[in-house]
Amino acid sequence: MLAGGPDAVRAVAVALPHVGRRSIVAGSAPATGIEEPARRIRITHPKEEHVAVTLSLTVNGKAVTATVDPRTLLVELIRNQLGLTGTHVGCDTGQCGACTVLLDGRAVKACNLLAAQANGASVTTIEGVAAADGTMHPMQAAFKECHGLQCGFCTPGMVMSAIDLVNRHPKASEAAIREELEGNLCRCTGYHNIVKAVQLGAASMGK
Amino acid sequence: MGASEQGLIGQSVKRKEDVRFLTGAGQYTDDITLPRQTYAVFVRSPHAHAKVRKVDTSRAKAAPGVVGVFTGADLEGVGGLPCGWLITSLDGTPMKEPPHPVLAQGKVRYVGDRVALVVAESLSQAKDAAELVDVDYEVLAAVVSPADAIKPGAPVVHDIAPDNRCYTWGLGDKAATEAAFAKAAHVTKIDIVNNRLIPNAIEPRAANASYSRSDDSYTLYVANQNPHVERLLMGAFVLGLPEHKLRVIAPDVGGGFGSKIFLYGEETALVWASKRVGRPIKWTGERSEAFLSDAHGRDHVTHAELALDKDGKFLGLHVKTIASMGSYLSTFGSSVPTMLYATLLAGQYTTPAIWAEVIGAFTTTSPVDAYRGAGRPEATYVVERIVHQAAVEMGIPQDELRRRNFIRTFPHQTPVALTYDTGDYDASMNKAREIADVAGFAARKAESAKRGKLRGMGYSSYIEACGLAPSNVAGALGARAGLFEAGEIRVNPTGSVSVFTGSHSHGQGHETTFAQIVAARLGISVDAVDVVHGDTGRIPFGMGTYGSRSLSVGGSAIVKALDKIVNKGKKIAAHLLEAAEGDIEFKDGKFTVAGTDRSKTFGEVALTAYVPHNYPLDKLEPGLNETAFYDPTNFTYPAGTHICEVEIDPDTGVVTVAKFTACDDFGNIINPMIVEGQVHGGLAQGLGQALLEHGVYDKESGQLLTGSYMDYAMPRADDLPSFEVATTVTPCTHNPLGAKGCGEAGAIGSPAAMMNAVMDALAPLGVRHLDMPASPHRVWQAIQSAKKG
Ligand code: FES
Ligand code: FES
């Protein structure tokens, strides 16, 4: 489902808020195009209205199996079932980016994906980017160094987006960084120091 | 001040709180899930104005997983949400204070008004059940603009205010102002709208309330800026709970900007219901709920006139404002367009006579209350837009007209109640002009013109009154609360320090700034200091964080508590060193007998206080733990000059902020990095107001048209430039830190600077008027209508 790249993700993003919760339950798997065998989900109680589905995925390097209501969003799985509350929810229209995680290495908005869509995938959240010994990821360190955060609520999403941004554009200009961060809202910093942090993070990630 | 103090104060110490936020270890309200947790959803009015004929909860109550469904009828007897500031009208009558029910009683007055609370085992079940609450509405006409609301025949929002007027209030000297206009050589007039804003902290409001049968007490986790005030208002005024039976915890809070100061019905209903259902109840607002139900900001309609003599000296200012209260009086809603607005209309100028008249109007919209700057951005916008216009009309350069009217002697008594203690407005103007490269503007303008673009430059020399507030002054002006702050320094036996502050950090970095103050004074490391805030169960009674008050008031309380610690430490050291107390000096973490090398370290003294074996127990209590309350003697007056340069594409109407310079005087600064960050954030919100943001209700239906991030244009990274920020310093004269406050300046100064730049750019095309936000559509239309003449 990620074969279409960010555009495909965005298409889901636009579609989701307009679909009633019931209709997601009824038609989620086919409508969102989960076709690869690895992503196929197991439905346990096909006759009930709210059937449960069992998923297997990797989260922050650990294998996870979870049984969820099919309408469960990826961000709900991460926060409520896995207890990884560093991933935040700031909106209900897929536009703030507070929920950004890496799905198979690419930044996605976890509020715009059903948990089922992450079946078989590898998910990285803010809790999973530091080194095993606790040393912060260079991008985390850069945010601290440049005062790229204030209340911290947008921050995990910003850091995840920034890591993906630098992976794709290691030498992004200020203008390119600002454009790339379009999908992440921050109400505290005015973005000034976030941009600086991404620049510093890019430099240290390149080392 | 010792070497270590000088080393820490004024230093950009990296923030102590960052690691938890950067690693996902922050604990925001929604991150907290309690044993036997239930989840709440509010049924909200889909109408702007309607009678509630009947609420039928029977289907909802029967839905799977439902634990309780409550309506206004269940809450009868529970008080309404109070307003914290009494405004008295010009005719001597008190403002109209209609009831503000926790859940609607008989009528709804804005889209999003709370009608019922549904509590269920899971959030999905609560949502499903909420859809089954049947409400029979009789729809009434809406009125959304404050100017329309006070017209005869407008739909009546509250029966106790048949003309929709909450108050008609005035400040200043009407006769003196009229006399000033009578002798004016020139009068400049403007009509402006200060656009409604929706605060949009990225963390939505959230609460989690629980009741304990064992001691008949409640605990409320809530995304809030001032937990003690929340507790006081909710406990004493609404639910009738004694304060010791209600603990309010505001854990990590994801931004506030004013919107989380207020006592809202949601958390109040949760606390009330938690006892009824006997389980914890969690509610987390969705963004669409935040748009509908968070208190909004601004929403003024103003006519202003400035009288000048032939040389451009300001003689008098007359301002008439209609301000929206929204549907109900929010916690501080009444004070924002009055006490926090009209008092600032002198700006940085010597204007000798001012008369301001403000009508507070009820409308069928979300309540309006303090949002970053609260009244002061509106005042600055009036003053700086009219000064700009006057300079244009009189052909005097913008900086020159301002300089001709700057206040230069202090203290300065304004005609609108305030006494400015200190400032140097020329200094910030000069520095801003230098950094903004005003000299190079003509060349940049010519270069833009070559590309077919219009370039303009605008000034805003703002002032604000912060450090809220001298309690007695505020009380005389109608405040129903004290406005001091509390600080407690608890020195632990082995010398580390826990600081308990009534201020609340929701992004401001108090855990670092306050730790710097303490570490510098006690000569210990910043890492040995922990700052605790946001929990009525742990901190002394405090007033919370808003109005840029935390450092000047909360920080001063900490300084006073530190004074007590040092004084007691001196007594202990004198005993240990067998010297007179008066001979003990404390410096760099050491108590020394003056003129000798005999000393005890701070750690030794702390340990002695808790292991008082060799101790003057007959004269001195053991322990090293001191609390102080600080009540300021005056407001503080941060001020500065902002200069904005815009480039406009006349074909599309797109405005680009090409350059923005802010030079501010915040008094003494503890952590420049944090201060700059505060300015950046304020600028983004101010430029957001001028360029993008506008909360719009449909005139007919009263529906909120800007109810999501698809319709409400939040500033994003590529809408803004990098900012040039600098400071000048005149220390505040009346608090021990000499600090003035920096949290709101950006949002106060920048809208006028940007709009003045837009007006400057469009002036050659004959555009005379434009309201915020300067969206491409509005700018393009202004250009087209100017073309038509
Ligand atoms: S919560 Fe996912 S984009 Fe806002
Ligand atoms: S740091 Fe508060 S929203 Fe970005």
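The values are calculated or read from the model by the stated rules, or taken from the named source; none is laboratory data. Computed from a predicted model, the values in this text were never measured in an experiment. FYI the Cβ positions are ideal-geometry reconstructions off the backbone, even for glycines, and counts take in every protein chain you see. Quick note on the areas: whole protein, heavy atoms, side chains included, nothing else; ligands and nucleic acids left out. Shrake-Rupley method; radii C 1.70, N 1.55, O 1.52, S 1.80 Å.
Are there any pairs, at least 6 apart or on different chains, whose C-beta atoms fall under 6 Å, with the first in the stretch A:79-92 and over 16 Å from residue B:32 (Cβ atoms) and the second open to solvent by 50 Å² or more (accessible area, probe 1.4 Å) and away from ligand 2 (no atom under 14 Å from the Cβ), and if so, which?
Once the first residue is over 16 Å from residue B:32 (Cβ atoms) and sits in the stretch A:79-92, its partners that are open to solvent by 50 Å² or more (accessible area, probe 1.4 Å) and away from ligand 2 (no atom under 14 Å from the Cβ) give A:92/B:286.
Specify the residue that is nearest to residue B:194 (Cα to Cα); the eligible residues are those in the stretch B:733-750 that are among the hydrophobic types (A, V, I, L, M, F, W, C) and open to solvent by 10 Å² or more (accessible area, probe 1.4 Å).
Taking the stretch B:733-750 and keeping what is among the hydrophobic types (A, V, I, L, M, F, W, C), we get B:737, B:739, B:742, B:745, B:747-748.
With the extra rule that they be open to solvent by 10 Å² or more (accessible area, probe 1.4 Å), the set shrinks to B:737, B:742.
Working: B:737: 34, B:742: 22 Å.
The residue in question is B:742.
Go through the residues of the stretch B:357-371 one by one and say whether even a single one is more than 30 Å from residue B:152 (Cβ to Cβ), of a type in the set (Asp, Glu) and at pLDDT 95 or above. Can you show your working first?
Let us first name the residues in the stretch B:357-371 that are more than 30 Å from residue B:152 (Cβ to Cβ), namely B:370-371.
Narrowing further to those that are of a type in the set (Asp, Glu): none.
So far as the stretch B:357-371 goes, no, none of its residues is more than 30 Å from residue B:152 (Cβ to Cβ), of a type in the set (Asp, Glu) and at pLDDT 95 or above.
Which numbered condition trips up residue B:719, out of (1) surrounded by 23 or more Cβ atoms within 10 Å (Cβ to Cβ); (2) touching a residue at least 12 places away in the same chain (Cβ under 8 Å); (3) facing chain A (nearest Cβ under 9 Å)?
Among (1) surrounded by 23 or more Cβ atoms within 10 Å (Cβ to Cβ); (2) touching a residue at least 12 places away in the same chain (Cβ under 8 Å); (3) facing chain A (nearest Cβ under 9 Å), the lone unmet condition for residue B:719 is (1).
How many of the residues in the stretch A:83-106 are more than 10 Å from ligand 1 (Cβ to nearest atom) and at pLDDT below 95?
So the answer is 0.
Report, by residue number, each residue of the stretch A:170-207 that is facing another protein chain (nearest Cβ under 8 Å) and of a type in the set (A, V, I, L, M).
A:175, A:177, A:181, A:185, A:194, A:195, listed by residue number.
Could you please tell me which pairs satisfy a Cβ distance under 7 Å, a separation of 6+ or placement on different chains, a first residue in the stretch A:145-169 that is closer than 21 Å to residue A:79 by Cβ and of a type in the set (S, T, N, Q), and a second residue that is outside any loop (DSSP other than H, G, I, E, B) and near ligand 2 (Cβ under 9 Å from one of its atoms)?
Partner pairs satisfying both residue conditions: A:155/B:21.
On the basis of being under 19 Å from residue A:83 (Cα atoms) and away from chain A (no Cβ under 14 Å), does residue B:53 make the cut?
Numbers: under 19 Å from residue A:83 (Cα atoms): no; away from chain A (no Cβ under 14 Å): yes.
No; evaluated as a whole, the condition is false for this residue.
When you go through (1) within 16 Å of ligand 1 (Cβ to nearest atom); (2) in a strand (DSSP E or B) one by one for residue A:58, which number turns out not to apply?
So residue A:58 meets the others, but not (1).
Go through (1) at the interface with another protein chain (Cβ under 8 Å from one of its Cβ atoms); (2) surrounded by 24 or more Cβ atoms within 10 Å (Cβ to Cβ) and name the single condition residue A:144 misses.
Residue A:144 satisfies all of (1) at the interface with another protein chain (Cβ under 8 Å from one of its Cβ atoms); (2) surrounded by 24 or more Cβ atoms within 10 Å (Cβ to Cβ) except (2).
If residue A:123 passes every condition in (1) more than 7 Å from chain B (Cβ to nearest Cβ); (2) more than 20 Å from residue A:205 (Cβ to Cβ); (3) away from ligand 1 (no atom under 16 Å from the Cβ) but one, which one does it miss?
(3)
Residue A:112: within 14 Å of ligand 1 (Cβ to nearest atom), modelled with pLDDT of 95 or more, more than 7 Å from every other protein chain (Cβ to nearest Cβ) and closer than 23 Å to residue B:691 by Cα, yes or no? Steps first, please.
Details: within 14 Å of ligand 1 (Cβ to nearest atom): yes; modelled with pLDDT of 95 or more: yes; more than 7 Å from every other protein chain (Cβ to nearest Cβ): yes; closer than 23 Å to residue B:691 by Cα: no.
It is false that residue A:112 is within 14 Å of ligand 1 (Cβ to nearest atom), modelled with pLDDT of 95 or more, more than 7 Å from every other protein chain (Cβ to nearest Cβ) and closer than 23 Å to residue B:691 by Cα.
Out of the stretch A:129-140, which residues are open to solvent by 30 Å² or more (accessible area, probe 1.4 Å) and under 20 Å from the mean Cα position of the chain (by Cα)?
Residues of the stretch A:129-140 open to solvent by 30 Å² or more (accessible area, probe 1.4 Å): A:130-138.
A:130, A:131, A:136, A:137, A:138, listed by residue number.
Pick out the one residue from B:693, B:724 that is touching a residue at least 60 places away in the same chain (Cβ under 8 Å), within 12 Å of chain A (Cβ to nearest Cβ), within 16 Å of ligand 2 (Cβ to nearest atom) and acidic (Asp, Glu). Steps first, please.
Values: B:724 fails: within 16 Å of ligand 2 (Cβ to nearest atom).
Selected residue: B:693, the only one of B:693, B:724 that is touching a residue at least 60 places away in the same chain (Cβ under 8 Å), within 12 Å of chain A (Cβ to nearest Cβ), within 16 Å of ligand 2 (Cβ to nearest atom) and acidic (Asp, Glu).
Give the residue that is nearest to the other protein chains (Cβ to nearest Cβ), with candidates limited to residues of the stretch A:73-94 that are open to solvent by 40 Å² or more (accessible area, probe 1.4 Å) and polar (S, T, N, Q).
A:80
Among the residues that make up the stretch B:581-589, is at least one of them in the same structural domain as residue B:607 (by TED's automatic domain parsing), crowded, with 19+ Cβ neighbours inside 10 Å, in contact with a helix residue (DSSP H, G or I) (Cβ under 6 Å, 6 or more places away or on another chain) and part of a strand (DSSP E or B)?
Looking through the stretch B:581-589, at least one residue is in the same structural domain as residue B:607 (by TED's automatic domain parsing), crowded, with 19+ Cβ neighbours inside 10 Å, in contact with a helix residue (DSSP H, G or I) (Cβ under 6 Å, 6 or more places away or on another chain) and part of a strand (DSSP E or B).
Of the residues B:635, B:660, B:666, which is open to solvent by less than 50 Å² (accessible area, probe 1.4 Å), within 14 Å of chain A (Cβ to nearest Cβ) and in contact (Cβ under 8 Å) with a residue 24 or more places away in the chain? Show your work before the answer.
Details: B:635 fails: within 14 Å of chain A (Cβ to nearest Cβ); B:666 fails: within 14 Å of chain A (Cβ to nearest Cβ).
None of the others qualify; the one that does is B:660.
For the subset of the stretch A:179-190 comprising residues that are more than 16 Å from residue B:257 (Cβ to Cβ) and within 15 Å of ligand 2 (Cβ to nearest atom), which member is surrounded by the fewest Cβ atoms within 10 Å (Cβ to Cβ)? Quick ask: steps written out before the conclusion?
Taking the stretch A:179-190 as the starting set, the residues that turn out to be more than 16 Å from residue B:257 (Cβ to Cβ) are A:179-184.
Subsequent filtering for residues that are within 15 Å of ligand 2 (Cβ to nearest atom) retains A:181-184.
Working: A:181: 22, A:182: 14, A:183: 19, A:184: 28.
Per the stated criteria, the residue is A:182.
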